[in-house]
Every structure is written in C-alpha cells, then in structure tokens.
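Okay, so here's the structure we're looking at.
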C-alpha cells in the first residue's frame, strides 16, 4: 500500500510539473490561501484552513493562519474518544517546485475539544507538525494533499485550495 501511495504521489507531482508555465506562479506576500480538506484520521474527518503569505524567506514563502478540524470516530475500538473539534493557529513554509507545484511544511498549536463515550468532554492542548503539497491548476484554484502528526488531530487529507 505504501508503494502505491509513493507511485501515485510521484505521478501527480510529474503531472503537475508538466503544466504550462502560465498556469500559476509563486505566492507573493499578501496572497491569501483557503483550503477545505477531508480524509482519514483515526476515524473520518475534515478540516478547513485559511492563511496569508507573510513574507518571502529561505527561498520560499512564510504563511500564517488558522486551522479548524473535526474528527468523528463512530465505532472506534481502540479508544473511548468519539469526536474531536480542533482550532489551531498554524505556520508553514512553502517552496515552489516549478510554477505549478508547491511543497510545504509547518507546525500548529491550539486547543481541541474531545468528547468521550461517557458523554463527558475534555479540553486539551493540541500541537503537531504537517507537510504536503499543492498542485495549482490556475492562479486561483488547486488541489492539496497534506499529512499531519499531532497529539489530538493526526490526519492524512486531500482537498481543494483557493488563492486570492
């Protein structure tokens, strides 16, 4: 399964690099990015994030923004948590690979509301690191694949991205 994922990621990356140079370009300071994603967690969930390019740094661009995530674990066997809602500021650094593909990595830290079987709730500190890439189809639209290792909301997602 891991080999299939690597082959698929390489195919998407090479497909993205073959787009015409006029399809999109690097994000300039002030560019806003909104993503909506769904995917596999320890359960099923979705997230939305919004960020803005703060500055160009280290050959890339530095984003700052927020993530709002939800994770539903109906029928979870391994733990008693059934639901989590997270709100976390996030910072990421993105590097353009050509004019169409952007690789990004960053970190997040915030809060998560956890609901358990016993109908009790717990507020927890949430932190983690993430990475992924965005394939731009135009100056304002693309797809994003992202993975995150976090104590509250680990995820592997795919979704759409809008640049303004």
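The values are calculated or read from the model by the stated rules, or taken from the named source; none is laboratory data. Please read these numbers as outputs of a predicted model, since none were measured by experiment. Virtual Cβ from ideal backbone geometry, glycine too; neighbours counted across all protein chains shown.
Annotations for the structure displayed:
- Selection status of residue 68, touching a helix residue (DSSP H, G or I) at 6+ places or on another chain (Cβ under 8 Å), closer than 22 Å to residue 164 by Cα, surrounded by fewer than 17 Cβ atoms within 10 Å (Cβ to Cβ) and at pLDDT 80 or above: no
- Per-region count, segment 26-37, residues crowded, with 16+ Cβ neighbours inside 10 Å and under 30 Å from residue 83 (Cβ atoms): 3
- Matching residues in segment 137-164 - criterion: being surrounded by 15 or more Cβ atoms within 10 Å (Cβ to Cβ) and touching a helix residue (DSSP H, G or I) at 6+ places or on another chain (Cβ under 8 Å): 137, 145
- Among the residues of segment 74-87, those identified as within 18 Å of residue 128 (Cβ to Cβ) and at pLDDT below 70 are 79, 81.
- Of the residues making up segment 115-136, those that are surrounded by 13 or more Cβ atoms within 10 Å (Cβ to Cβ), within 19 Å of residue 65 (Cα to Cα) and at pLDDT 90 or above number 8.
- Every residue from segment 51-61 that is in a strand (DSSP E or B) and surrounded by fewer than 18 Cβ atoms within 10 Å (Cβ to Cβ): 52, 54, 55, 56, 57
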